[in-house]
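Q: Can you keep this structure in mind? I'll have questions shortly.
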Amino acid sequence: MNLGDFVTLQRGFDLPEAERRSGRIPVVSSSGIFFHHDTIGARGPGVVTGRYGTIGKVFFINEDYWPLNTTLFVKDFHGNDPLFVSYFLKTIDFSSCSDKSSVPGVNRNDLHSLPIRAPPLPTQHAIARILGSLDDKIELNSKINETLEAMARAIFQSWFVDFDPVRAKAGGRDTGLPPEVAALFPDGFEEVDGREVPRGWEVGTIGESTAIVGGSTPSTTNASFWENGTHPFATPKDLAGLSTPILLDTEKKITDLGVDKISSRILPLGTILLSSRAPIGYIAITSIPVSINQGFIGIICDKILPNYYLLSWVGENLPAIIDRANGTTFLEISKSNFKPMEVIIPSTEVLIKFVQQVGPLYAQIGNSEQQSRMLAQIRDALLPKLMSGKILVSELRSEKICLGENPS
C-alpha cells in the first residue's frame, strides 16, 4: 500500500507566541516537546514528525497534545497500532520527500505516495510491545538517574552551601545525620578571607586546589592524527547530548600521534570537564581516559578536593563562572579567569564522608546509563529488521528474547 493508505498525516497548527498560555498540554515541535499549553490540539495517543526545520525525528505522545505547525501529525491511524506507527515512521526516508528549499522540509503528499509494506495488526501489537518494552526500561533508567543525581546535589547543597549540619549544631538542634557523621562537622563558624565558613574549614582558589588544563585539536587534514584512532577525543558536542553528567564515550577518536599534539595529552578517569565557550556550562565527569579540544577547561582532581565535590561545585557556581567570561565573537571563560575563583575547602574527614555518600549514587547512574545505551543499540538493530520482516516475532520468541516489561 501507499503510506497515505496506512495513516493520514496532517500539518500541525499555528500557535503564535501571544496566544501561548501555560498549562499541562504538551506542545510538540519538529524537535520534540518544548513547552506546555492550556488547550488540546489533538487527542492522544499521537505520533508527530518534523515537517519543517528538523525532519526525520518521530515522537510518540501518550496524552492529548498540540502539534505545532512545523510538524506533521497522524490525524487518522486507520485502525493501526499507534505505537507501532511511531516506530514504523522511524524507518521512512523523509529526505526522499524533501521540498528542496533552503531549510529542510518535507511534502506531505509526497510522503503519502510512498510505497510501503506493513504487517497485520497482531504483528504490529507484538512488534510495538517488543520495542516499547526496551524504551520503557530506558525511560525508567532515566527517571532513576534523575532522582540519584538530585540526591547527590541535595547532599552537596546541604553540607557545603547551606551548611545545614553546622547551623543545626550551632543552634543545639539535631542535624538529622547519623551521630558518627554529625560528629565530623564543626559547631560554629569563623571568618576566613572576609567570608563566613564553618570553623576549621579553609578558603582557597580552584587553581591552587586542582590542576587546570586546556586542550587543542590536532590538524584535521593530517590523516595520521585521526585514521584508525583509538583514543577518545572529546568536544563540547559530546557533552551536549548527555542525559547524565558522566562521559562514557566520545564521537571522535585520535591516534597516538594525535595525542602527542595536545599539551594536556590524555586526562585521567574522574577529570571534570567544563565547556568554556559556545556555550559555557556543559559539565561532565570522565569515566574514560580522554583527550580534549580547545573548547574545555579540564579540572584534574589530584589534590585535596575530590572530583565528586568539584562536579557539584562547578554546577553550583556556574552563574559566577559565566560572569567571569569575556569575548567579542562569543563568551569564553579562560583558564586565567577561572583559576582565581574561590572554593571552600572542608575538612578531609567531611570530604571523605561526602565521597562515600555520593560515590555509589554516581556509580549507579553510570551503570544505568551503560545499560540504557545497550538497550538502545538492541532496539535500533531490531527496528529495521522487524519492520522489514527479516526477523519475525516468532523467531525472537524461539530465541527466548525477553518480551516482558523488564527486558535484560
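Q: Output the residues belonging to the range 14-26 that are assigned to a loop (DSSP other than H, G, I, E, B) and either within 24 Å of the chain's Cα centre (by Cα) or not assigned by TED's automatic domain parsing to the domain that holds N80 (or both). Let's see the steps before the verdict.
A: Looking only at the range 14-26, we keep the residues that are assigned to a loop (DSSP other than H, G, I, E, B), and these are 14-16, 20-24.
If the condition is that a residue be assigned to a loop (DSSP other than H, G, I, E, B) and either within 24 Å of the chain's Cα centre (by Cα) or not assigned by TED's automatic domain parsing to the domain that holds N80 (or both), then R24 is the only one that fits.
Q: Among the residues of the range 143-175, what is the count of those that are more than 18 Å from I344 (Cβ to Cβ), exposed (fewer than 15 other Cβ atoms within 10 Å of the Cβ) and in contact (Cβ under 8 Å) with a residue 12 or more places away in the chain?
A: 2
Q: Any idea which of (1) at pLDDT 95 or above; (2) part of a helix (DSSP H, G or I) is the one I344 doesn't satisfy?
A: Checking I344 against (1) at pLDDT 95 or above; (2) part of a helix (DSSP H, G or I), the one that fails is (2).
Q: Residues of the range 266-292 being more than 22 Å from T255 (Cα to Cα) and among the hydrophobic types (A, V, I, L, M, F, W, C), which ones?
A: Correct list: I272, L274, A278, I280, I283, A284, I285.
Q: Is at least one residue of the range 100-115 more than 28 Å from V393 (Cβ to Cβ), in contact with a Ser or Thr (Cβ under 6 Å, 6 or more places away or on another chain) and surrounded by fewer than 19 Cβ atoms within 10 Å (Cβ to Cβ)?
A: no
Q: Scanning the range 73-93 for residues that are more than 22 Å from K385 (Cα to Cα) and of a type in the set (A, V, I, L, M, F, W, C), which turns out surrounded by the fewest Cβ atoms within 10 Å (Cβ to Cβ)?
A: My answer is F77.
Q: A further question follows. With the requirement that a residue be assigned to a loop (DSSP other than H, G, I, E, B) and either surrounded by fewer than 18 Cβ atoms within 10 Å (Cβ to Cβ) or not assigned by TED's automatic domain parsing to the domain that holds G172 (or both), what does the range 227-238 give you? So that I can check it myself, show each step before the final result.
A: First, pick out the residues of the range 227-238 that are assigned to a loop (DSSP other than H, G, I, E, B): 227-230, 235.
Passing the criteria: E227, N228, T230.
Q: Could you check the range 239-302 for strands (runs of 3 or more DSSP E) lying wholly inside it with 2 or more residues that are of a type in the set (D, E, K, R), at pLDDT below 95 and more than 15 Å from the chain's Cα centre (by Cα)? Full working, then the answer.
A: On the way: elements: 252-254, 272-276, 280-286, 296-300.
In the range 239-302, there are no strands (runs of 3 or more DSSP E) which contain 2 or more residues that are of a type in the set (D, E, K, R), at pLDDT below 95 and more than 15 Å from the chain's Cα centre (by Cα).
Q: Separate question: Residues to consider are S219, S224; find the one that is polar (S, T, N, Q), surrounded by fewer than 16 Cβ atoms within 10 Å (Cβ to Cβ) and part of a helix (DSSP H, G or I). Don't jump to the end; show me each part of the working.
A: Working: S219 fails: part of a helix (DSSP H, G or I).
Answer to the selection: S224.
Q: Against the conditions (1) over 34 Å from the mean Cα position of the chain (by Cα); (2) not assigned by TED's automatic domain parsing to the domain that holds K303, where does L148 fall short? Just the number, please.
A: Here L148 clears every test but (1).
Q: S96 is checked against (1) crowded, with 18+ Cβ neighbours inside 10 Å; (2) modelled with pLDDT under 95; (3) under 18 Å from K57 (Cα atoms) and fails just one. What number does that condition carry?
A: (1) is the only condition that S96 fails.
Q: Does G200 satisfy being farther than 23 Å from L269 by Cβ and assigned by TED's automatic domain parsing to the domain that holds G258?
A: Numbers: farther than 23 Å from L269 by Cβ: yes; assigned by TED's automatic domain parsing to the domain that holds G258: yes.
Yes; evaluated as a whole, the condition is true for this residue.
Q: Select from the range 40-53 the residues that are surrounded by fewer than 16 Cβ atoms within 10 Å (Cβ to Cβ) and within 14 Å of V103 (Cα to Cα) and list them in ascending order. Talk me through it step by step, then tell me what you get.
A: To start, the set of residues in the range 40-53 that are surrounded by fewer than 16 Cβ atoms within 10 Å (Cβ to Cβ) comprises 40, 43-44, 53.
Selection gives G53 alone.
Q: State which residue is surrounded by the most Cβ atoms within 10 Å (Cβ to Cβ) when the search covers only the range 116-142 and only residues that are farther than 14 Å from V85 by Cβ and of a type in the set (G, A, S).
A: For the range 116-142, the residue satisfying everything is A126.
Q: Can you tell me which residue in the range 260-275 is nearest to S334 (Cα to Cα), limited to those that are touching a residue at least 40 places away in the same chain (Cβ under 8 Å) and of a type outside the set (S, T, N, Q)? Don't jump to the end; show me each part of the working.
A: Of the residues in the range 260-275, the ones touching a residue at least 40 places away in the same chain (Cβ under 8 Å) are 261-264, 267, 272, 274.
Narrowing further to those that are of a type outside the set (S, T, N, Q): 261-262, 267, 272, 274.
Numbers: K261: 20, I262: 17, L267: 19, I272: 16, L274: 11 Å.
Step by step, filter the range 260-275, then rank; the result is L274.
The values are calculated or read from the model by the stated rules, or taken from the named source; none is laboratory data. As the structure is a computational prediction, the values presented were derived from the model and not from experiment. Please note: Cβ atoms are built from the backbone with ideal geometry, for glycine as well, and neighbour counts cover all protein chains shown.
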